[in-house]
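The values are calculated or read from the model by the stated rules, or taken from the named source; none is laboratory data. All figures in this text were calculated on a predicted structure; none of them were measured in a lab. Cβ atoms come from the backbone with ideal geometry, glycine included; neighbour counts cover every protein chain shown.
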Amino acid sequence: MIKFFNKMRKQLVNDNQTGRYLKYAIGEIILVMIGILLALQVNNWNNNRQLKREELKVLKSLHKEFNENLTNFDSAYRFHLKRKEAIETMMTSNPRELSLDSLRSLNQIINNNYTFDPFQGIYNSVINSGKIELISNDSLKIKIARIQDLLNDYKEEETNTMGFTQNNLYPFQIERSKINFNISYNTKESSIDERLEFKQNLLQVIESDKYENLLVYVYGYMRGIFIEGPVLRKKILSIINLLESEIEKNENKNNQ
């Protein structure tokens with residue numbers, strides 16, 4: 001093709017057809033420019049397809065991680081609700097009318113600390129590597145970038161509750177009661193006298209004014225969990241829904 005164009009140019013020059021040569025030269029330049037533009041267009045198209053594939057990969061990875069974290073959050077939040085209910089039962093019931101097993105169960109639920117510890121490997125990788133810019137949906141991008149602040153607020157409430165329990169409730173119970181290992185963990189069958197003694201020790205703690213004050217504080221600390229928790233869950237669910245929408249949209253484009 002190049003040899004053909006060169007031959008044409010030489011023939012026009014030799015025939016002293018300058019006007020036709022100029023028109024031909026301009027036409028050749030235009031053809032070259034069109035060829036370059038087409039090549040650039042194809043290259044851009046290939047780059048866009050590659051970016052879309054990368055975006056889809058990021059979206060799917062985030063979707064999997066956020067779904068796992070939603071499950072983990074619900075598990076932790078259910079525990080907090082159960083602990084809240086246990087404190088309410090302990091504070092509103094007559095402990096002497098409750099069985100030893102009920103008292104022990106309530107006490108264990110109140111004492112146990114549980115926290116939401118989300119997986120963030122994918123999230124941190126996407127943020128730190130700048131791959132979040134691959135996400136074309138600006139609303140989704142902003143929600144993902146801001147979720148960490150909500151998570152920190154919620155985790156702070158859990159940490160404060162756990163810290164107060166460990167620093168105040170545990171030491172008080174250890175100091176005021178004698179713990180029977182066998183009854184506490186059902187390692188072996190206990191006698192009636194042993195169970196009665198264990199219940200009396202437990203009642204001595206539960207019926208004290210300080211224990212009641214401590215539970216009031218634990219309950220108060222937990223209020224922040226029930227304020228921040230629903231907000232965090234709503235945002236996580238919103239992100240999951242947007243991720244699903246974007247994944248479906250990208251997969252449809254790839255199949256076209």
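One residue stands out in region 155-199 among those that are part of a helix (DSSP H, G or I) and of a type in the set (Lys, Arg): the one that is farthest from the chain's Cα centre (by Cα), namely Arg195.
Annotation note: of Gly224, Gly220, Gly229, the sole residue that is touching a residue at least 60 places away in the same chain (Cβ under 8 Å) and surrounded by fewer than 17 Cβ atoms within 10 Å (Cβ to Cβ) is Gly224. Please indicate, with yes or no, whether at least one residue in region 85-96 is in contact with a helix residue (DSSP H, G or I) (Cβ under 7 Å, 6 or more places away or on another chain), more than 25 Å from Leu196 (Cβ to Cβ) and modelled with pLDDT of 95 or more. Scanning region 85-96 turns up at least one residue that is in contact with a helix residue (DSSP H, G or I) (Cβ under 7 Å, 6 or more places away or on another chain), more than 25 Å from Leu196 (Cβ to Cβ) and modelled with pLDDT of 95 or more. Among the residues that make up region 65-83, is at least one of them of a type outside the set (A, V, I, L, M), modelled with pLDDT under 95 and over 30 Å from Leu196 (Cα atoms)? No. Do the conditions hold for Glu248, that is, is it modelled with pLDDT of 95 or more, in a helix (DSSP H, G or I) and within 29 Å of the chain's Cα centre (by Cα)? It is false that Glu248 is modelled with pLDDT of 95 or more, in a helix (DSSP H, G or I) and within 29 Å of the chain's Cα centre (by Cα). Flag not set for Asn128, criterion: part of a helix (DSSP H, G or I), in contact with a Gly (Cβ under 8 Å, 6 or more places away or on another chain) and surrounded by fewer than 16 Cβ atoms within 10 Å (Cβ to Cβ).
For region 219-241, the set of residues classified as more than 13 Å from the chain's Cα centre (by Cα) and charged (D, E, K, R) consists of Arg223, Glu228, listed by residue number. The set of residues in region 116-140 being of a type in the set (D, E, K, R) and in contact with a helix residue (DSSP H, G or I) (Cβ under 6 Å, 6 or more places away or on another chain) consists of Lys131 alone. Selection of first residues in region 191-212 that are touching a residue at least 60 places away in the same chain (Cβ under 8 Å) and of second residues that are polar (S, T, N, Q) and assigned to a helix (DSSP H, G or I), restricted to Cβ pairs under 7 Å at least 6 apart or on distinct chains, gives the following pairs, ordered by first then second residue: Leu202/Asn107.
Check region 141-153 and report whether any residue there is within 38 Å of the chain's Cα centre (by Cα), surrounded by 13 or more Cβ atoms within 10 Å (Cβ to Cβ) and over 30 Å from Asn67 (Cα atoms). No, that holds for no residue.
Scanning region 193-212 for residues that are within 15 Å of Ala86 (Cα to Cα) and not β-branched (Val, Ile, Thr) returns Tyr211, Glu212. Looking at region 40-63, is at least one residue modelled with pLDDT of 65 or more and either among the small types (Gly, Ala, Ser) or not in a helix (DSSP H, G or I) (or both)? Yes, because at least one residue in region 40-63 is modelled with pLDDT of 65 or more and either among the small types (Gly, Ala, Ser) or not in a helix (DSSP H, G or I) (or both). Condition check for Asn137 on (1) closer than 19 Å to Asn72 by Cα; (2) surrounded by 15 or more Cβ atoms within 10 Å (Cβ to Cβ): one failure, at (1).
Residue pairs whose Cβ atoms lie under 6 Å apart, sitting 6 or more positions apart in sequence or on different chains, and linking a residue in region 77-88 that is surrounded by 19 or more Cβ atoms within 10 Å (Cβ to Cβ) to a partner that is in a helix (DSSP H, G or I) and β-branched (Val, Ile, Thr), are His80/Ile225; Arg83/Ile109; Ala86/Ile109; Ala86/Ile110.
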